[in-house]
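Shown next, in structure tokens, is the structure this report addresses.
The values are calculated or read from the model by the stated rules, or taken from the named source; none is laboratory data. Quick caveat, the model's predicted, so the values are computed rather than measured. Ideal geometry is used to build each Cβ from the backbone, glycine not excepted, and the neighbour counts take in all protein chains shown.
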Amino acid sequence: MFVVRFRSMQADGMALFPFILVKQPNPGPTLLNHERIHLRQQAELGILPFYVWYVVEYLIRRWQYRDHYTAYRNISFEREAFANDQNLAYLKTRTFWQFWHYLTNDGL
Ligand SMILES: [Zn+2]
């Protein structure tokens, strides 16, 4: 994992395999873990398919929820990352394509 600071970013963090881009110096463990979960998702799917899927699912969620932020939070990749980013041991036990379980519900 390589963490790169990128001040002019809109978001606090972004995963771009194999890099984690962060806006602020000294990002917290939850943010880093969140982006690490996205790196794992990207490694499993391939980077380009991940982003294509991400954008297509965002557009579907945007139509579903009629709201940008709600749509973003409900993308399956984000549901998985937000549900588990405070569990710093999550990636040790996570199973392959775990985001799939977050497509139709909150994954629980
Ligand atoms: Zn995220």
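Things worth noting here:
- For the stretch 13-29, the set of residues classified as surrounded by fewer than 17 Cβ atoms within 10 Å (Cβ to Cβ), touching a residue at least 12 places away in the same chain (Cβ under 8 Å) and more than 12 Å from the chain's Cα centre (by Cα) consists of 18, 19, 23, 24, 25, 29, listed by residue number.
- Any chance residue 36 is in contact with a strand residue (DSSP E or B) (Cβ under 8 Å, 6 or more places away or on another chain) and either at pLDDT 95 or above or assigned to a helix (DSSP H, G or I) (or both): yes
- Selection from the stretch 64-87 of residues that are near the ligand (Cβ under 9 Å from one of its atoms), under 10 Å from residue 37 (Cβ atoms) and among the aliphatic types (A, V, I, L, M): 81
- Picking from residues in the stretch 99-108 that are within 16 Å of the ligand (Cβ to nearest atom) and outside any loop (DSSP other than H, G, I, E, B), the one that is surrounded by the most Cβ atoms within 10 Å (Cβ to Cβ) is 99.
- Extreme residue, surrounded by the fewest Cβ atoms within 10 Å (Cβ to Cβ), among residues of the stretch 89-98 that are within 16 Å of the ligand (Cβ to nearest atom) and either assigned to a loop (DSSP other than H, G, I, E, B) or among the aliphatic types (A, V, I, L, M) (or both): 91
- Residues located in the stretch 33-55, provided they are away from the ligand (no atom under 12 Å from the Cβ) and aliphatic (A, V, I, L, M): 43, 45, 47, 48, 52, 55
- Residue list for the stretch 49-86, restricted to those being of a type in the set (A, V, I, L, M) and in a helix (DSSP H, G or I): 52, 55, 56, 59, 60, 71, 81, 83
- Scanning the stretch 1-29 for residues being part of a loop (DSSP other than H, G, I, E, B) and touching a helix residue (DSSP H, G or I) at 6+ places or on another chain (Cβ under 8 Å) gives a total of 4.
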